[in-house]
Each structure stands twice: as structure tokens, then as C-alpha cells.
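Asker: Take this structure first; my questions come after.
The values are calculated or read from the model by the stated rules, or taken from the named source; none is laboratory data. Worth saying up front: this structure is predicted, and the values here are computed from it rather than measured. A quick note on method: Cβ atoms are made from the backbone with ideal geometry, for glycine too, and the neighbour counts reach across all protein chains shown. Accessible surface areas use protein heavy atoms only, side chains included; no ligands, DNA or RNA. Shrake-Rupley method; radii C 1.70, N 1.55, O 1.52, S 1.80 Å.
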Amino acid sequence: LLAVGVVVLLGVAAHLSRVLLSPIDVDTDTTLTVEAGTRFGTMATRWQQAGYVKDAGILKLYGRLSGDAARIKAGEYALTVGTTPLALLRTVVRGISIHHTITFVEGWTFRQIRQALTQVPRLRQSVADLTDAQIMERLGFPAQHPEGRFFPDTYHFSSGQTDLSVLANAHSAMRQYLDAAWLHRAPQLPYESPDEALI
């Protein structure tokens, strides 16, 4: 019985190794997406359906044994020729997702910023139907006018991230820049607050 058990374990280990370490059969580099809230078992099944892994059951078993089943992160991931299922899984667990960019040009009005956000297909649209005042309320600054409140810069985001989160980053960057400028302002300037200096 012991000998049979050892043979069975060796067989399982060999099959697990073949499934996880055999290169994924893709001819060109591509991408795959793990949606927020996706369960490990669902992801494994989808990978088998797409031909990325030969046996979803083995991937699920490995996920449970390694603890990776509870650590996958949503995002858009690069799938390169020669990648193995195990390497791809490690990328998803580490959250090494593809990042995209959007640039807010210096001198743009808030209307132009909003327009630019609608032109980015990888951003999840969440503010297109909101007024400027509603957007500022969502950002936590309900009494603030949006003009001049978003720092002109290039912002990185992951596929599926919301346009509001990009605005939040730009708004935070402007606050930090303005606070630093106010702290190091020249003496005897005719401004009584950072807001006056911004205007």
C-alpha cells in the first residue's frame, strides 16, 4: 500500500508539473483580464476554456495548497509567448498588471479634462452623467469650484479603474503642490490663503 501511495503521489506531482510548467499555447503576445471579485476557481475554469491551462482542477488544487487562491488581484495582465500557467499565476497574485496613462495638459479647463477622460477606453466611466458640482462632492470637496484644482501631469491607471479615481489623484497632486508652494512663499505677498494664491 505504501508503494502504491508513493507511485500515486509521484504521478500526481508529475501531472501537476506538466500542467503548471508547460508553456501556454499562444502564438503572439496578448492580454487577459481578471475582473474585480473573480473567484480563483472561476478564473481557473476560464483559463482552461481559453487554452491557457490544460487542467483547471490541477490549478485549483495548487491554488488551495499554496494559498494563492485567496491572493489573486484584479487587473489586466500581459500574456507573453512562452509563459507558463505558474508564471502567469504568480503575476496575477503579485498584481503586476498593465498600466495605461492619461495626460492632463497645463492650461486645460475642467471641461477639457472631463472630455479627455471620456476618450480613454480602459477607464471605467462613472462621472460622465454628473455635474461638476456632483463630481466635486464625490471627491469630498462639495463647496469647491473645479477649475484649477487638478494638477497637469501624466497619470497611470489600470484597466477598469474609474475616471473618478484619476480625478482624485490629480486633485490630491494639486493640493500637495499648492501646500508646498504656500509653505515656501515669498514674504509679504498680498494673499491670505493658498486658494487666493491659486486663483
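Asker: Considering only region 178-199, I want to know if a residue exists there that is open to solvent by 80 Å² or more (accessible area, probe 1.4 Å) and either modelled with pLDDT of 95 or more or within 18 Å of R114 (Cα to Cα) (or both).
Answerer: No, because not a single residue in region 178-199 is open to solvent by 80 Å² or more (accessible area, probe 1.4 Å) and either modelled with pLDDT of 95 or more or within 18 Å of R114 (Cα to Cα) (or both).
Asker: Tell me which residues, restricted to region 104-128, are among the charged types (D, E, K, R) and either at pLDDT 95 or above or closer than 15 Å to P146 by Cα (or both).
Answerer: Result: E106, R111, R114.
Asker: Related question: Looking at region 172-199, I want the residues that are farther than 15 Å from G148 by Cα and have a partner that is at pLDDT below 90 with Cβ atoms under 6 Å, at least 6 apart or on another chain. Which pairs are those?
Answerer: Listed by first residue and then by second, the contacts come to W182/P194; Y191/A197.
Asker: For region 27-40, give me the residue count where each residue is surrounded by 11 or more Cβ atoms within 10 Å (Cβ to Cβ) and either touching a strand residue (DSSP E or B) at 6+ places or on another chain (Cβ under 7 Å) or farther than 16 Å from K73 by Cβ (or both).
Answerer: Selection size over region 27-40: 6.
Asker: What's the number of the only condition in (1) over 29 Å from K73 (Cα atoms); (2) in contact with a strand residue (DSSP E or B) (Cβ under 6 Å, 6 or more places away or on another chain) that H156 fails to meet?
Answerer: Against the list (1) over 29 Å from K73 (Cα atoms); (2) in contact with a strand residue (DSSP E or B) (Cβ under 6 Å, 6 or more places away or on another chain), H156 comes up short only on (1).
Asker: Need pairs with beta-carbon distance below 8 Å; first residue open to solvent by 60 Å² or more (accessible area, probe 1.4 Å) and within region 42-65, second basic (K, R); sequence gap 6+ or separate chains.
Answerer: Short answer, once both residue conditions are applied: Q48/K54; K54/R18.
Asker: How about region 83-109: which of its residues are open to solvent by 50 Å² or more (accessible area, probe 1.4 Å) and assigned to a strand (DSSP E or B)?
Answerer: H99, T101, T103, listed by residue number.
Asker: Additional query: Of the conditions (1) open to solvent by 50 Å² or more (accessible area, probe 1.4 Å); (2) of a type outside the set (S, T, Y); (3) under 27 Å from T33 (Cα atoms); (4) not in a helix (DSSP H, G or I), I72 fails just one. Which one is it?
Answerer: (1)
Asker: Mind checking which residues of region 63-88 are out of contact with any helix residue (DSSP H, G or I) (no Cβ under 6 Å at 6 or more places or on another chain) and more than 17 Å from R122 (Cβ to Cβ)?
Answerer: Across region 63-88, the qualifying residues are R64, L65, S66, G67, A70, T80, V81, G82, T83, A87, L88.
Asker: Oh, and also: List pairs: first residue in region 92-110 and farther than 18 Å from T162 by Cα and free of Cβ contacts under 8 Å to residues at least 24 places away in the same chain, second residue part of a loop (DSSP other than H, G, I, E, B) and of a type outside the set (A, V, I, L, M, F, W, C) anywhere in the structure, Cβ distance under 6 angstrom, at least six positions apart or on different chains.
Answerer: Listed pairs, sorted by first residue: none to list.
Asker: Filter region 141-177 down to residues that are among the β-branched types (V, I, T) and modelled with pLDDT of 95 or more and give me whichever is most open to solvent (accessible area, probe 1.4 Å).
Answerer: The extreme case among them is T154.
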